[in-house]
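Values quoted throughout were computed directly from the atomic coordinates according to the rules given, and no laboratory measurement underlies them. It should be emphasised that the depicted structure is a prediction, and the values quoted were computed from it without experimental measurement. Note that we place each Cβ from the backbone using ideal geometry, even for glycine, and neighbour counts take in every protein chain shown.
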Amino acid sequence: MEDYSGKADIWEELYKRAKEIYSPEQISPFINVKKVVCALEAEDGAIYTGFSIESDCGVADLCAERTAAIKMYSDSGQKIVKRLIVFRDRPPEKGSTSIPCGACREFFMQLSNLNSKMEILIDYESREIITLEDLIPNWWGLERYDI
C-alpha cells in the first residue's frame with residue numbers, strides 16, 4: 001500500500017480511492033455489492049478500501065467500513081485507523097448518513113481502543129470531521145483494555 005501521510009489533503013486522496021470502486025451491482029438474485037464505499041488511512045499512512053455487501057437475509061451483510069478494516073488487518077496486521085471516509089454516490093455532505101453505523105462503530109472500538117481518535121469526514125466540501133469517540137462516547141468496553 002502507498003503511504004499518503006505527507007499529503008496536504010488526505011481527504012481528497014481517500015475520496016478518490018473510494019470513488020474508484022463505487023459501482024453498484026447485483027451479483028446474484030440475493031446479493032448487491034458496492035452501493036456504499038469506504039477508504040481508510042491506517043496508522044502507517046497506507047490506504048485501504050472496502051465496499052458494502054448486502055444480502056436478502058441480512059445476517060450476511062457487511063458494511064464498506066468493515067470490509068476495508070478487514071482488508072487492512074489481513075494485509076498488514078494493523079488495527080488502528082487514522083481517518084475514514086464512507087459514502088454512496090457522492091461525497092459526504094453535512095446532514096447525510098455518511099458515517100459508520102452502530103455495528104461499525106462497535107467493531108472499530110473492539111478492534112482497538114485507539115480507534116476512538118479516528119477522524120471521520122462528515123462534510124467533504126468544508127472538510128469537517130467527527131471522531132469515533134464523538135459518535136460513541138463512554139464506550140462500555142474501555143475497562144477491558146489496559147489503558
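Residues that are in a loop (DSSP other than H, G, I, E, B) and in contact with a strand residue (DSSP E or B) (Cβ under 8 Å, 6 or more places away or on another chain) were ranked within the range 97-121; the one that is nearest to Leu142 (Cα to Cα) is Met118. Here Arg83 fulfils each of the conditions (1) over 20 Å from Glu12 (Cα atoms); (2) surrounded by 18 or more Cβ atoms within 10 Å (Cβ to Cβ) apart from (1). Any residue at all in the range 6-22 that's touching a Ser or Thr at 6+ places or on another chain (Cβ under 6 Å) and not in a helix (DSSP H, G or I)? Checked the range 6-22: no residue is touching a Ser or Thr at 6+ places or on another chain (Cβ under 6 Å) and not in a helix (DSSP H, G or I). Within the range 5-20, identify whether any single residue is farther than 15 Å from Ile120 by Cα, touching a residue at least 40 places away in the same chain (Cβ under 8 Å) and surrounded by fewer than 16 Cβ atoms within 10 Å (Cβ to Cβ), and answer yes or no. Yes, that holds for at least one residue. Would the range 35-42 turn up any residue that is in contact with a Ser or Thr (Cβ under 9 Å, 6 or more places away or on another chain), surrounded by fewer than 21 Cβ atoms within 10 Å (Cβ to Cβ) and of a type in the set (D, E, K, R)? Within the range 35-42, one or more residues are in contact with a Ser or Thr (Cβ under 9 Å, 6 or more places away or on another chain), surrounded by fewer than 21 Cβ atoms within 10 Å (Cβ to Cβ) and of a type in the set (D, E, K, R). Scanning the range 44-80 for residues that are within 19 Å of Lys117 (Cβ to Cβ), without any contact (Cβ under 8 Å) to a residue 40 or more places away in the chain and surrounded by fewer than 21 Cβ atoms within 10 Å (Cβ to Cβ) yields a count of 4. Residues in the range 24-67 that are in a loop (DSSP other than H, G, I, E, B) and within 22 Å of Glu13 (Cβ to Cβ): Glu43, Asp44, Gly45, Cys63.
Filtering Leu40, Leu62 for residues that are under 19 Å from Asp123 (Cα atoms) and of a type in the set (A, V, I, L, M) leaves a single hit, Leu40.
The set of residues from the range 117-133 being more than 13 Å from the chain's Cα centre (by Cα) and either within 20 Å of Arg144 (Cα to Cα) or small (Gly, Ala, Ser) (or both) comprises Lys117, Ser126, Glu133.
Residue check: Asn138 meets all listed conditions (1) surrounded by fewer than 17 Cβ atoms within 10 Å (Cβ to Cβ); (2) touching a helix residue (DSSP H, G or I) at 6+ places or on another chain (Cβ under 8 Å); (3) assigned to a loop (DSSP other than H, G, I, E, B) but one, namely (2).
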